[in-house]
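The values are calculated or read from the model by the stated rules, or taken from the named source; none is laboratory data. Computed from a prediction, not measured in an experiment: that's the story for all the values here. So basically every Cβ, Gly included, is an ideal-geometry build from the backbone, and we count neighbours across all protein chains shown. SASA here: full protein model, heavy atoms, side chains in, ligands and nucleic acids out. Shrake-Rupley method; radii C 1.70, N 1.55, O 1.52, S 1.80 Å.
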Amino acid sequence: MKSADVPLRRDLEAAWADTDALFALLHDDAWLNVTIPLQHPFCFYLGHLPAFAYNQVGALLLGQEPVDTRLDQLFAVGVAPMEAKGESSEQWPDLSAILAYRDQCRERVLATFEAVDALDEADPLVAGGRIYRLIIEYELMHQETLLCMFAELDHTKKNKPNGYRLPRQVAAPPQSYAYVPAGSVQLGAAWRDEPFLWDN
(Lines give C-alpha, C1' and ligand atoms only; values in the text may rest on other atoms or scores of the structure.)
Protein backbone atom coordinates (compact mmCIF):
# COMPACT_ATOMS: atom_id res chain seq x y z
CA MET A 1 0.00 0.00 0.00
CA LYS A 2 1.34 3.43 -0.89
CA SER A 3 1.33 6.03 1.89
CA ALA A 4 0.30 8.66 -0.67
CA ASP A 5 -3.15 7.05 -0.95
CA VAL A 6 -5.84 9.70 -0.76
CA PRO A 7 -7.55 8.35 2.42
CA LEU A 8 -4.36 8.66 4.47
CA ARG A 9 -3.76 12.25 3.39
CA ARG A 10 -7.45 12.99 3.93
CA ASP A 11 -7.33 11.60 7.49
CA LEU A 12 -4.21 13.62 8.27
CA GLU A 13 -5.73 16.87 7.01
CA ALA A 14 -9.02 16.09 8.80
CA ALA A 15 -7.13 15.66 12.09
CA TRP A 16 -5.43 19.02 11.53
CA ALA A 17 -8.80 20.64 10.81
CA ASP A 18 -10.21 19.31 14.09
CA THR A 19 -7.20 20.66 16.00
CA ASP A 20 -7.64 24.06 14.33
CA ALA A 21 -11.32 24.06 15.32
CA LEU A 22 -10.34 23.45 18.94
CA PHE A 23 -7.83 26.29 18.95
CA ALA A 24 -10.45 28.58 17.40
CA LEU A 25 -12.32 28.34 20.72
CA LEU A 26 -9.60 30.35 22.48
CA HIS A 27 -9.84 34.06 23.10
CA ASP A 28 -6.76 36.00 22.00
CA ASP A 29 -5.81 36.65 25.64
CA ALA A 30 -5.90 32.95 26.63
CA TRP A 31 -2.95 31.57 24.67
CA LEU A 32 -0.55 31.91 27.62
CA ASN A 33 -2.92 30.35 30.15
CA VAL A 34 -1.86 27.16 31.94
CA THR A 35 -4.90 25.26 33.23
CA ILE A 36 -3.35 21.92 34.27
CA PRO A 37 -0.13 21.66 36.33
CA LEU A 38 2.86 20.31 34.39
CA GLN A 39 1.28 21.29 31.08
CA HIS A 40 2.52 24.17 28.98
CA PRO A 41 0.30 27.10 27.93
CA PHE A 42 -1.98 26.65 24.93
CA CYS A 43 0.44 28.40 22.56
CA PHE A 44 2.96 25.60 23.12
CA TYR A 45 0.62 22.95 21.70
CA LEU A 46 -0.09 25.11 18.65
CA GLY A 47 3.59 24.61 17.79
CA HIS A 48 4.15 21.21 19.40
CA LEU A 49 1.83 19.19 17.18
CA PRO A 50 3.26 20.35 13.84
CA ALA A 51 6.79 20.08 15.25
CA PHE A 52 6.15 16.46 16.23
CA ALA A 53 4.69 15.67 12.82
CA TYR A 54 7.58 17.08 10.84
CA ASN A 55 10.26 15.80 13.22
CA GLN A 56 8.94 12.24 12.88
CA VAL A 57 8.65 11.99 9.12
CA GLY A 58 10.84 14.76 7.75
CA ALA A 59 13.75 15.02 10.17
CA LEU A 60 13.98 11.49 11.64
CA LEU A 61 12.72 9.20 8.87
CA LEU A 62 13.91 11.15 5.83
CA GLY A 63 16.84 13.09 7.34
CA GLN A 64 15.62 16.43 5.99
CA GLU A 65 16.72 19.84 7.21
CA PRO A 66 15.06 21.40 10.29
CA VAL A 67 12.18 23.80 9.76
CA ASP A 68 13.52 26.22 12.36
CA THR A 69 16.13 24.88 14.79
CA ARG A 70 15.13 27.18 17.66
CA LEU A 71 11.40 26.51 17.31
CA ASP A 72 11.94 22.80 16.66
CA GLN A 73 13.68 22.58 20.04
CA LEU A 74 11.24 24.86 21.85
CA PHE A 75 8.23 22.81 20.76
CA ALA A 76 9.81 19.35 20.99
CA VAL A 77 8.98 18.18 24.54
CA GLY A 78 5.32 18.05 25.51
CA VAL A 79 5.44 17.77 29.31
CA ALA A 80 6.82 20.56 31.47
CA PRO A 81 9.57 19.54 33.93
CA MET A 82 8.57 18.74 37.52
CA GLU A 83 10.34 21.82 38.84
CA ALA A 84 8.47 24.19 36.53
CA LYS A 85 6.60 26.82 38.55
CA GLY A 86 5.26 28.73 35.58
CA GLU A 87 6.77 30.09 32.42
CA SER A 88 7.62 33.55 31.25
CA SER A 89 5.58 34.93 28.38
CA GLU A 90 8.86 36.14 26.87
CA GLN A 91 9.96 32.58 26.07
CA TRP A 92 7.05 32.03 23.67
CA PRO A 93 7.09 33.46 20.15
CA ASP A 94 4.38 35.77 18.91
CA LEU A 95 1.20 33.92 17.92
CA SER A 96 1.63 34.86 14.26
CA ALA A 97 5.12 33.32 14.29
CA ILE A 98 3.78 30.06 15.76
CA LEU A 99 1.03 29.93 13.15
CA ALA A 100 3.56 30.49 10.37
CA TYR A 101 5.74 27.72 11.84
CA ARG A 102 2.72 25.39 12.00
CA ASP A 103 1.87 26.04 8.37
CA GLN A 104 5.45 25.48 7.24
CA CYS A 105 5.68 22.18 9.15
CA ARG A 106 2.39 20.95 7.70
CA GLU A 107 3.41 21.94 4.18
CA ARG A 108 6.65 19.99 4.55
CA VAL A 109 4.84 16.94 5.96
CA LEU A 110 2.46 16.86 2.99
CA ALA A 111 5.48 17.05 0.67
CA THR A 112 7.05 13.88 2.17
CA PHE A 113 4.62 11.27 0.83
CA GLU A 114 6.52 10.40 -2.35
CA ALA A 115 9.86 10.25 -0.53
CA VAL A 116 8.41 7.88 2.07
CA ASP A 117 6.90 5.71 -0.67
CA ALA A 118 10.37 5.33 -2.15
CA LEU A 119 11.78 3.85 1.09
CA ASP A 120 12.07 0.15 1.87
CA GLU A 121 8.70 -1.22 3.06
CA ALA A 122 10.63 -3.53 5.40
CA ASP A 123 10.89 -0.50 7.69
CA PRO A 124 7.83 -0.84 9.97
CA LEU A 125 7.30 2.93 9.96
CA VAL A 126 7.22 2.96 6.15
CA ALA A 127 4.98 -0.07 5.63
CA GLY A 128 1.43 1.01 4.90
CA GLY A 129 2.24 4.62 5.67
CA ARG A 130 2.50 3.81 9.38
CA ILE A 131 4.55 6.95 10.04
CA TYR A 132 1.53 9.04 9.01
CA ARG A 133 -0.79 6.98 11.17
CA LEU A 134 1.58 7.73 14.07
CA ILE A 135 1.25 11.45 13.38
CA ILE A 136 -2.55 11.22 13.10
CA GLU A 137 -2.91 9.25 16.33
CA TYR A 138 -0.61 11.68 18.15
CA GLU A 139 -2.76 14.57 16.93
CA LEU A 140 -5.94 12.85 18.13
CA MET A 141 -4.38 12.02 21.49
CA HIS A 142 -3.46 15.67 22.03
CA GLN A 143 -6.97 16.75 21.08
CA GLU A 144 -8.15 14.81 24.13
CA THR A 145 -5.54 16.55 26.27
CA LEU A 146 -6.57 19.93 24.88
CA LEU A 147 -10.22 19.24 25.69
CA CYS A 148 -9.23 18.58 29.32
CA MET A 149 -7.28 21.84 29.34
CA PHE A 150 -10.21 23.71 27.79
CA ALA A 151 -12.56 22.29 30.43
CA GLU A 152 -10.41 23.92 33.13
CA LEU A 153 -10.25 27.27 31.34
CA ASP A 154 -12.54 30.08 32.50
CA HIS A 155 -15.53 30.21 30.16
CA THR A 156 -15.04 33.92 29.61
CA LYS A 157 -11.83 33.06 27.74
CA LYS A 158 -13.52 30.71 25.26
CA ASN A 159 -15.38 31.45 22.05
CA LYS A 160 -18.72 29.81 21.41
CA PRO A 161 -18.48 27.64 18.27
CA ASN A 162 -20.46 28.79 15.26
CA GLY A 163 -23.91 27.23 15.20
CA TYR A 164 -23.56 25.76 18.71
CA ARG A 165 -26.76 24.99 20.62
CA LEU A 166 -27.09 23.39 24.03
CA PRO A 167 -27.82 19.66 23.73
CA ARG A 168 -31.31 18.46 24.59
CA GLN A 169 -31.49 17.26 28.17
CA VAL A 170 -32.39 13.58 28.47
CA ALA A 171 -32.52 11.19 31.39
CA ALA A 172 -29.49 9.00 32.00
CA PRO A 173 -29.94 5.40 30.83
CA PRO A 174 -30.54 2.79 33.55
CA GLN A 175 -27.38 1.32 35.03
CA SER A 176 -26.70 -2.41 35.09
CA TYR A 177 -23.87 -4.85 35.72
CA ALA A 178 -22.30 -7.12 33.12
CA TYR A 179 -21.17 -10.56 34.27
CA VAL A 180 -17.74 -11.58 32.98
CA PRO A 181 -16.94 -15.24 33.65
CA ALA A 182 -13.51 -16.29 34.86
CA GLY A 183 -10.99 -17.23 32.21
CA SER A 184 -7.90 -16.11 30.36
CA VAL A 185 -7.74 -13.21 27.93
CA GLN A 186 -5.11 -12.01 25.48
CA LEU A 187 -4.32 -8.30 25.45
CA GLY A 188 -2.64 -6.47 22.60
CA ALA A 189 -2.08 -7.39 18.99
CA ALA A 190 0.75 -8.27 16.65
CA TRP A 191 2.49 -5.14 15.32
CA ARG A 192 2.09 -6.01 11.65
CA ASP A 193 -1.56 -7.08 11.99
CA GLU A 194 -2.81 -3.53 12.58
CA PRO A 195 -2.35 -0.26 10.66
CA PHE A 196 -1.06 1.42 13.83
CA LEU A 197 -0.40 0.42 17.43
CA TRP A 198 1.06 2.38 20.32
CA ASP A 199 3.93 0.57 22.03
CA ASN A 200 1.87 0.10 25.21
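For region 135-200, the per residue solvent-accessible surface stands at 92 Å², with DNA, RNA and ligands left out and a 1.4 Å probe. The calculated 222 nm mean residue ellipticity attributable to helices in the chain amounts to -13000 deg cm²/dmol, summing -39500 (n - 2.57) over DSSP H runs of n ≥ 4 and dividing by all residues.
Separation of region 137-200 and region 2-79, taken as the distance between their Cα centroids, equals 20 angstrom.
Taking 0.36 nm per residue of separation and subtracting the Cα-Cα distance, full extension of the segment from LEU197 to SER184 would add 2.5 nm. Accessible surface computed residue by residue for region 1-57, with neighbouring protein chains in place and a 1.4 Å probe, gives 41 Å² per residue.
Taking the 1.4 Å solvent-accessible surface of the chain as the whole, the part contributed by carbon and sulfur is 55%. What is the calculated FRET efficiency for ARG168 to THR145, with r their C-beta to C-beta distance and R₀ = 30 Å, to the nearest 0.05? Approximately 0.60, to the nearest 0.05.
Which order do peptides 189-196, 56-63 fall in by mean Cβ count within 10 Å, highest first? Mind showing how you got there, number by number?
Details: 189-196: 10.9, 56-63: 16.8.
Result, highest mean first: 56-63, 189-196.
Using only side-chain charges placed at the Cβ, +1 for Lys and Arg and -1 for Asp and Glu, the dipole size of region 46-165 relative to its Cα centre rounds to 600 debye. Between amide H atoms placed 1.01 Å from N, distances below 5 Å from HIS40 occur with ALA80, all of them 5 or more places distant or on a separate chain. Amide hydrogen proximity for LYS158: with H placed 1.01 Å from N in the peptide plane, the residues at 5 or more positions away or on another chain lying under 5 Å are HIS27.
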